[in-house]
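The values are calculated or read from the model by the stated rules, or taken from the named source; none is laboratory data. All figures in this text were calculated on a predicted structure; none of them were measured in a lab. Backbone-built Cβ (ideal geometry, glycine too); neighbour counts: all protein chains shown. Surface areas here come from the heavy atoms of the whole protein model, side chains and all, with no ligands, DNA or RNA. Shrake-Rupley method; radii C 1.70, N 1.55, O 1.52, S 1.80 Å.
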Amino acid sequence: MNDLKADFLAKSESKVFDDKHRKTIAFNIDKYNAAVENGKLQYSHLDFARKKAKNLKWKAIESLDKSLETFEKKFTERGGKVIWAEDAEDALKAINEIVDKVKAKLVVKSKSMVTEEIGLNHFLEKLGVESVETDLGEYIQQLDGEPPYHIVTPAMHKSKEDIAALFAQKLGTEPGLTPTELTMVARQKLRNKFLQADIGITGANFIIADAGAIALTENEGNVRLTTSLPKIHIAIVGIENVIPSLKDLSVFWPLLATFGTGQKVTVYNSIFFGPKSVGEMDGPEEMYVILLDNGRTKLLRKEVRESMYCIRCGSCLNACPVYKNIGGHSYGSTYSGPIGAVITPHLKSMQEYGHLSFASSLCGNCTEVCPLKINIHSMLLENRAIYVDEGHAPMKEKMSWRLFKAGVSYRLMMNLPTSNMKNKAFEKVFAPLWGSHRAPLVFPKKTFAKLWKEHNK
Ligand code: SF4
């Protein structure tokens, strides 16, 4: 068993029995579920919107190369700079050059899973550059020295009491502050950082091909401050975030808001066409968009291509019985939950992360709640097949299944051994796979064939 799998199993086991964790997650997901039901009421034809969105993403991904080139051409024409990054190293190198050019000392960041993926904060820290998260959830996580727990709500596993205690410990605030008071503390701390920052770094929810622009969606206004106060704006975006046209935002914005947080539309939605033009008051003097592959082109293989349609709403995480029990950090990957279990083995390595695709009951709830009806649970099954075909299944497991197949393929083989012999064989071979928390499997004294014979006497 590789170290990552062992770590995943150990963390999962400890979280499953953590009552406080379960209670906090259940409370937050219940609130989310109620909000989503409310958000859906804005639609008279929700199913049509979901199908339309899927179709648009299909179109964008089938012409990914052309869509990205169209974006680059338009964005560059307005003075923006596009950097193509094949991997995290390329992206970090480009950021390093910009940091060096302006001798940056302070970076403000908005929430971005892609920057987590490339380890940006750690990298900037090594360069001696202070990097401050400005999304409240991310700010809380940064204070606590933890990665985000969820792709939409980074501090979902923390209660308001946990956060008040954290602020008291790290910022010296009075203990037991209310959520409003905590928000005011964070706001006060962050305002100065916005004013002093040399560079603002964001992700992007959508790359708009025909407009040569990027779109960002948020609830706190921190993206607007991150992108308008510092002189330089760098956006790091996964290449799969492309959509064909500006008008498609009318489909994606409400869907993302409804399924992400249960809102009709998110509070702030911004479209960035490039650096500020002559005569414009606001905006950065320079704007860069880093188009990141980092393994995404491997997702183009037909078995998992649909995963590139994901708009990172987080809905499948909230619906997953496994995620709700083991929590986001157990996965040991930037992207957790069902969609994380589909894409991580391809973005990273099937050998090291393939076990995540087995962490699913295949109940299909993820597919059911996905706004784009992405066939997530089928792709988990496809990943399992790829994992086995590539030879990553442990020898013991392979042998066990071979034995099982031989045992159940012939009636004689099933009937010949006594129940005691079967119990012993199970204990020796299958018990570790069965798990210690299930009641042991006990074979009955009489076989089905024997019972059938007696019944028909
Ligand atoms: S796979 Fe679907 S439900 Fe899951 S995060 Fe992506 S868009 Fe949302």
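General remarks:
- Filter result (open to solvent by 10 Å² or more (accessible area, probe 1.4 Å) and within 14 Å of the ligand (Cβ to nearest atom)) within the stretch 300-312: Arg305, Glu306, Tyr309, Cys310, Ile311, Arg312
- Test: residue in the stretch 421-428 that is of a type in the set (Lys, Arg), touching a helix residue (DSSP H, G or I) at 6+ places or on another chain (Cβ under 8 Å) and exposed (fewer than 12 other Cβ atoms within 10 Å of the Cβ): no
- Residue, farthest from the chain's Cα centre (by Cα), within the stretch 319-355, restricted to residues that are away from the ligand (no atom under 16 Å from the Cβ) and not in a helix (DSSP H, G or I): Ser349
- Qualifying residue in the stretch 213-223 (condition: modelled with pLDDT of 95 or more, within 16 Å of the ligand (Cβ to nearest atom), in a loop (DSSP other than H, G, I, E, B) and within 27 Å of Thr334 (Cβ to Cβ)): no
- Selection count, the stretch 238-248, where residues are surrounded by fewer than 20 Cβ atoms within 10 Å (Cβ to Cβ) and either closer than 19 Å to Ser307 by Cβ or of a type outside the set (Gly, Ala, Ser) (or both): 3
- Boolean, Cys366 is of a type outside the set (Phe, Trp, Tyr), in contact with a His (Cβ under 7 Å, 6 or more places away or on another chain) and near the ligand (Cβ under 9 Å from one of its atoms): yes
- Any chance Ala204 is within 25 Å of Gly260 (Cβ to Cβ) and buried (at least 20 other Cβ atoms within 10 Å of the Cβ): yes
- In the condition set (1) open to solvent by 30 Å² or more (accessible area, probe 1.4 Å); (2) out of contact with any Leu (no Cβ under 9 Å at 6 or more places or on another chain); (3) farther than 15 Å from Ser110 by Cβ, Asp210 is compliant with all but (2).
- Residue in the stretch 249-258 that is modelled with pLDDT of 95 or more, open to solvent by less than 20 Å² (accessible area, probe 1.4 Å) and touching a Cys at 6+ places or on another chain (Cβ under 7 Å) present: yes
Okay, residues lined up against (1) open to solvent by 60 Å² or more (accessible area, probe 1.4 Å); (2) touching an Asp or Glu at 6+ places or on another chain (Cβ under 6 Å); (3) under 21 Å from Ile311 (Cα atoms):
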| residue | (1), (2), (3) |
| --- | --- |
| Phe8 | no, no, no |
| Ile29 | no, no, yes |
| Leu46 | no, no, yes |
| Glu69 | yes, no, yes |
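- Among the candidates Lys74, Lys101, the residue that is basic (Lys, Arg), within 23 Å of Gly203 (Cβ to Cβ) and surrounded by 14 or more Cβ atoms within 10 Å (Cβ to Cβ) is uniquely Lys74.
- Scanning the stretch 29-50 for residues that are among the basic types (Lys, Arg) and over 18 Å from Phe206 (Cα atoms) yields a count of 2.
- Exactly one residue out of Ala60, Ala10 is in contact with a strand residue (DSSP E or B) (Cβ under 6 Å, 6 or more places away or on another chain) and either in contact (Cβ under 8 Å) with a residue 40 or more places away in the chain or assigned to a helix (DSSP H, G or I) (or both), and it is Ala60.
- Among residues of the stretch 242-263 that are at positive phi, those with a Cβ under 8 angstrom from a residue that is more than 15 Å from the ligand (Cβ to nearest atom) and of a type in the set (D, E, K, R), sequence gap 6+ or separate chain, pair up as Gly262/Glu37.
- For the stretch 229-255, a residue qualifies if it is closer than 19 Å to Thr115 by Cβ and assigned to a helix (DSSP H, G or I), and the qualifying residues are Ile239, Glu240, Asn241.
- Comparison of Ile376, Ile386 shows that the only residue that is more than 16 Å from the chain's Cα centre (by Cα), modelled with pLDDT of 95 or more, within 26 Å of Cys313 (Cβ to Cβ) and surrounded by 14 or more Cβ atoms within 10 Å (Cβ to Cβ) is Ile386.
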